[in-house]
Amino acid sequence: MTEYVSVAADDRAESRSGVIKLHGAEGFAGMRAAGHLAATILDALVPHVVPGVTTGELDDIVYRMTVEGGGVPATLGYRGFTRSCCTSINHVVCHGIPGDKALKAGDIVNIDVTPQLDGWHGDTSRMFLVGDVPLKAKKLVDVTYECLILGLEQARPGNHLGDIANAIQQHAEKHRYGIVRDFCGHGVGRLFHDSPEVVHAGRAGTGPELRPGMIFTVEPMINLGRADCKLLDDGWTAVTRDRSLSAQFEHSIGITEDGCEIFTASPMGLDRPPY
Ligand code: MF3
Ligand code: CO
Ligand code: CO
């Protein structure tokens with residue numbers, strides 16, 4: 001049985017208790033502001049994601065914009081992570097660590113930011129195409145974006161998390177892509193990673209029922225090849241086992257009375273590449 005609890009906006013409940021929080025208007029307002037900052041940061045990165053830029057330089061921009069926006073990068077110091085965003089290039093599935101590596105034409109890169117603003121976490125990521133990108137990479141990015149949107153179309157009261165997962169899975173499998181099972185979406189709010197776990201493949205009608213006030217991410221990772229991942233020795237970087245390309249998009253959303261609110265939609269309409 002899934003348990004739900006209504007929480008006040010100032011609720012400091014610590015751990016992921018397994019209970020699903022139902023947030024009120026103040027929580028939605030907090031997430032709206034944090035999500036707006038997150039999306040604004042990704043918008044601002046667009047002209048900077050070009051051949052020759054290093055992922056460390058992009059991370060510096062994320063740090064500066066987060067702080068100027070009144071926030072704190074939630075990833076900075078998170079379980080030993082030392083950067084303000086994740087940069088995941090080509091066969092990197094997620095949690096790539098920004099550094100000295102320069103982007104080159106033909107790369108695809110996911111940039112994942114999570115500013116914490118007034119205690120609320122705006123968690124979002126997009127793919128960026130660096131220079132001219134091979135058609136098969138562009139198509140992977142396109143289909144992954146469509147997976148996210150098809151998933152979000154299932155995000156309404158009465159549906160289940162399995163309906164979101166199934167919509168994503170159907171679309172990815174139609175294209176014979178691998179859907180990563182090792183990482184999931186998650187509840188988000190005052191906690192960076194909260195209950196429930198939001199899977200990206202599964203059976204329709206299964207899993208917790210969606211109720212107004214739930215706030216969580218949907219963040220499918222889709223591979224050109226097999227779904228299997230492995231972790232590099234740095235303890236963070238997840239890559240595809242077969243070294244095939246991987247793509248991901250992420251939004252933070254809240255379930256409303258009749259659908260969902262996307263907190264991290266691009267203010268500039270730059271949700272889907274090419275930008
Ligand atoms: N933003 C990632 C997510 O979508 C989490 C990154 S944690 C880090 O959940 F430590 F790797 F940055
Ligand atoms: Co997330
Ligand atoms: Co994220």
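The values are calculated or read from the model by the stated rules, or taken from the named source; none is laboratory data. What you are looking at is a predicted structure, and each value in this text was computed from that prediction instead of being measured. We place every Cβ from the backbone using ideal geometry, glycine too, and count neighbours over all the protein chains shown. With ligands, DNA and RNA removed, areas are computed over all heavy atoms of the protein, side chains included. Shrake-Rupley method; radii C 1.70, N 1.55, O 1.52, S 1.80 Å.
In table form, for the structure just shown:
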{"item": "Cβ crowding within 10 Å averaged over residues, with 54-65, 95-106 ranked highest first", "result": "54-65, 95-106"}
{"item": "Cross-link table Lys21/Lys174; Lys21/Lys104; Lys101/Lys230; Lys21/Lys101; Lys21/Lys138; Lys136/Lys230, entries beyond 32 Å C-alpha to C-alpha", "result": "Lys21/Lys174; Lys21/Lys104; Lys21/Lys101; Lys21/Lys138"}
{"item": "Rounded accessible area per residue of the chain, 1.4 Å, Å²", "result": "43 Å²"}
{"item": "Packing-based order for 185-192, 220-227, 156-163, using average beta carbon neighbours within 10 Å, highest first", "result": "220-227, 185-192, 156-163"}
{"item": "Fraction of accessible area attributable to carbon and sulfur, region 17-262 (%, probe 1.4 Å)", "result": "50 percent"}
{"item": "Three-way shape label, the chain, alpha-carbon gyration tensor, a/c 1.5", "result": "oblate"}
{"item": "The chain: most fluctuating residue of Asp112, Asp233, Asp194 per GNM, C-alpha cutoff 10 Å", "result": "Asp233"}
{"item": "Dipole magnitude of the chain about its Cα centre (Cβ charges: Lys, Arg +1; Asp, Glu -1), debye to nearest 20", "result": "760 debye"}
{"item": "Translational diffusion of region 1-63, µm² s⁻¹ [Kirkwood Rh, Cα pairs; Stokes-Einstein; 4 °C; 1.567 mPa s]", "result": "88 µm²/s"}
